[in-house]
Ligand code: HPA
Ligand code: ZN
């Protein structure tokens, strides 16, 4: 069986990270935004990352091309169309409103375009999708709270909150207040932790923010007691192998801890993170893992099943997929 045929849920994808260079050029021309080149291949050649920050610098710069509701719609539709072909039946999609607000784009434009894309994708592709609003950790806790408050009129358009951007130096403890408010609002909670930061970031996200899933979490493996907690509580880890190699969190795919994490009984899922930058969508991530580690049918089926178990779908809908 080819991996592309595995139906999966994708739980760790930044919609801004699905901006392919072809669409980047189209939007730059549409909105008169200057780019270093208008050749998609030449732009892709600039994507040589040494760590998370070197990626984030280019990623934020490119987002200046997103100006109108139609731009956000096109971005959302392009991802959902590609994801559907990759076998994705359910997508829980991160977006970074603070980046767009800083670019002068009102929340109404961001939500308008993305929510319309999700609705059309459900109708035309049969894919179920929801949004998770992420706070940029480098902007701190107070800015995160202001963002959540500004998003209150759109509460019916996102199902949860997350935490992304530069990890080291911006621990979960800075965001306890805003996550408490999100909890009180009935929102789901996730956080990037243990990507570049150590196991303590994962512990804090669990203990101080009450997150239901950890995004990445690969460095949890360094702490045996933490692994036991994650295993016992079956806290999902949304792992992104190609991202980890591209950003050098892991030196090469053959050294990725995912097979070990699976073997000890952690609830691991496979995801694309920022597929336009890291060389592949969820099917590509699964294919690369299968090739590298000769994963068998049982392991692949476990990864596919885990993705739905870890999703925020209602229990009856989950059961239809597993
Ligand atoms: N890590 C942290 N923040 C991000 C990422 C990531 O991989 N992608 C987009 N924002
Ligand atoms: Zn991410």
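The values are calculated or read from the model by the stated rules, or taken from the named source; none is laboratory data. This one's a predicted model, so the numbers in the text were calculated from it and none came from an experiment. Here the Cβ positions follow ideal geometry from the backbone for every residue, glycine too, while neighbour counts run over all protein chains shown.
So the check is Cβ under 6 Å with 6+ separation or different chains; which pairs have a first residue in the stretch 290-316 that's free of Cβ contacts under 8 Å to residues at least 12 places away in the same chain and a second one that's outside any helix (DSSP H, G or I) and surrounded by 17 or more Cβ atoms within 10 Å (Cβ to Cβ)?
none
Look through 279, 217, 254 and report the one residue that is in contact with a strand residue (DSSP E or B) (Cβ under 6 Å, 6 or more places away or on another chain) and free of Cβ contacts under 8 Å to residues at least 40 places away in the same chain. Walk me through how you get there before you give the answer.
On the way: 279 fails: in contact with a strand residue (DSSP E or B) (Cβ under 6 Å, 6 or more places away or on another chain); 254 fails: in contact with a strand residue (DSSP E or B) (Cβ under 6 Å, 6 or more places away or on another chain).
On inspection, the qualifying residue turns out to be 217.
How many residues does the stretch 137-172 hold that are over 16 Å from residue 93 (Cβ atoms) and within 16 Å of ligand 2 (Cβ to nearest atom)?
The qualifying residues number 8.
If we only count helices (runs of 4 or more DSSP H) wholly inside the stretch 11-83, which ones have 3 or more residues that are crowded, with 18+ Cβ neighbours inside 10 Å?
Values: elements: 21-31, 40-45, 52-62.
Helices (runs of 4 or more DSSP H) meeting the threshold: 21-31, 52-62.
Considering only residues that are touching a residue at least 40 places away in the same chain (Cβ under 8 Å) and touching a strand residue (DSSP E or B) at 6+ places or on another chain (Cβ under 9 Å), which ones fall in the stretch 221-236?
236
Within the stretch 282-289, identify whether any single residue is under 30 Å from residue 46 (Cβ atoms), surrounded by fewer than 24 Cβ atoms within 10 Å (Cβ to Cβ), at pLDDT 95 or above and within 15 Å of ligand 2 (Cβ to nearest atom), and answer yes or no.
no
For residue 63, are the conditions met, namely being over 17 Å from residue 151 (Cβ atoms), away from ligand 1 (no atom under 16 Å from the Cβ), modelled with pLDDT of 95 or more and under 17 Å from the mean Cα position of the chain (by Cα)? Step through it out loud before you land on a result.
Details: over 17 Å from residue 151 (Cβ atoms): yes; away from ligand 1 (no atom under 16 Å from the Cβ): no; modelled with pLDDT of 95 or more: yes; under 17 Å from the mean Cα position of the chain (by Cα): yes.
Judged against the criteria, residue 63 is not a match.
Run residue 321 past the list (1) surrounded by fewer than 19 Cβ atoms within 10 Å (Cβ to Cβ); (2) under 24 Å from residue 94 (Cα atoms); (3) within 20 Å of the chain's Cα centre (by Cα) and report the number of the one that doesn't hold.
(3)
Might you check whether a residue that is within 18 Å of the chain's Cα centre (by Cα), in a loop (DSSP other than H, G, I, E, B) and either crowded, with 23+ Cβ neighbours inside 10 Å or more than 14 Å from ligand 2 (Cβ to nearest atom) (or both) occurs anywhere in the stretch 294-305?
At the first step, the residues of the stretch 294-305 found to be within 18 Å of the chain's Cα centre (by Cα) are 303-304.
Keeping just the survivors that are in a loop (DSSP other than H, G, I, E, B) gives none.
No: the stretch 294-305 contains no residue that is within 18 Å of the chain's Cα centre (by Cα), in a loop (DSSP other than H, G, I, E, B) and either crowded, with 23+ Cβ neighbours inside 10 Å or more than 14 Å from ligand 2 (Cβ to nearest atom) (or both).
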